[in-house]
Amino acid sequence: MKQITVIFDGECEFCKQSVTWIQHKLKITALPFQSADLSAFNLTREQCSKQVYVISEGKTYGGADAIAFLLKQRGNKV
């Protein structure tokens, strides 16, 4: 099973609920950008304040690409 890390806005209620929904069918590591070590992912607070990021198998997906990746991994049709 591939490791999937999601970096999201931990202060946004929609973001938090979306992560919970994803976790019902997909094992992910969810990290609020406000408390994550972003340098480990080569990301900045400014970048993460604008969109969600997904890191999996050495690739980084941002924004709509991140959401599409998660939905596909979850089993939804994209």
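The values are calculated or read from the model by the stated rules, or taken from the named source; none is laboratory data. The model shown is predicted, which means the values in this text are computed figures rather than measured ones. Positions of Cβ are backbone-derived with ideal geometry, glycine not excepted, and every protein chain shown enters the neighbour counts. Areas reflect the complete protein model, heavy atoms only, side chains present, ligands, DNA and RNA absent. Shrake-Rupley method; radii C 1.70, N 1.55, O 1.52, S 1.80 Å.
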Inset, instruction - Count charges around residue 28 for me, please; just the other residues with Cβ under 12 Å from its Cβ, Lys/Arg as +1, Asp/Glu as -1. - result: +4
Legend entry - Hull-based mean projected area of the stretch 2-78, where the convex hull spans the alpha carbons, in square nanometres: 4.7
Legend entry - Proximal aspartates and glutamates relative to residue 77, as straight alpha-carbon distance under 19 Å, when same-chain residues fewer than 8 apart are discounted: 65
Legend entry - Under-5 Å amide H pairs with residue 30, H placed in peptide plane, nonlocal only: 6
Inset, instruction - May I ask you to give the percent of accessible area on the chain that is carbon plus sulfur, with a probe radius of 1.4 Å? - result: 51
Inset, instruction - Could you tell me which trypsin sites (Lys or Arg not before Pro) in the stretch 3-78 are loop residues by DSSP with no more than 16 other beta carbons within 10 angstrom of their beta carbon? - result: 25, 27, 50, 77
Inset, instruction - Using Cα pairs closer than 8 Å and at least 6 residues apart in sequence, work out the relative contact order for the chain, in percent. - result: 34
Inset, instruction - Taking the Cα centre of the chain as origin, work out the dipole magnitude from +1 charges on Lys and Arg Cβ and -1 charges on Asp and Glu Cβ, in debye rounded to 20. - result: 420
Inset, instruction - Let me have the 222 nm mean residue ellipticity of the chain computed from DSSP H runs of 4+ only, each contributing -39500 (n - 2.57), with the sum over all residues rounded to the nearest 500. - result: -9500 deg cm²/dmol
Legend entry - Neighbourhood net charge (12 Å Cβ-Cβ; Lys/Arg +1, Asp/Glu -1) for residue 68: +2
Legend entry - Summed residue charge, Cβ within 14 Å of residue 59's Cβ, Lys/Arg positive, Asp/Glu negative: 0
Legend entry - Projected label distance in nm at residue 35 and residue 21, using a 7 Å step from Cα toward the beta-carbon: 2.4
Inset, instruction - Treating cross-link reach as a plain straight distance, find the lysines whose alpha-carbon is under 16 Å from the alpha-carbon of residue 59, omitting any fewer than eight places away in the same chain. - result: 2, 72
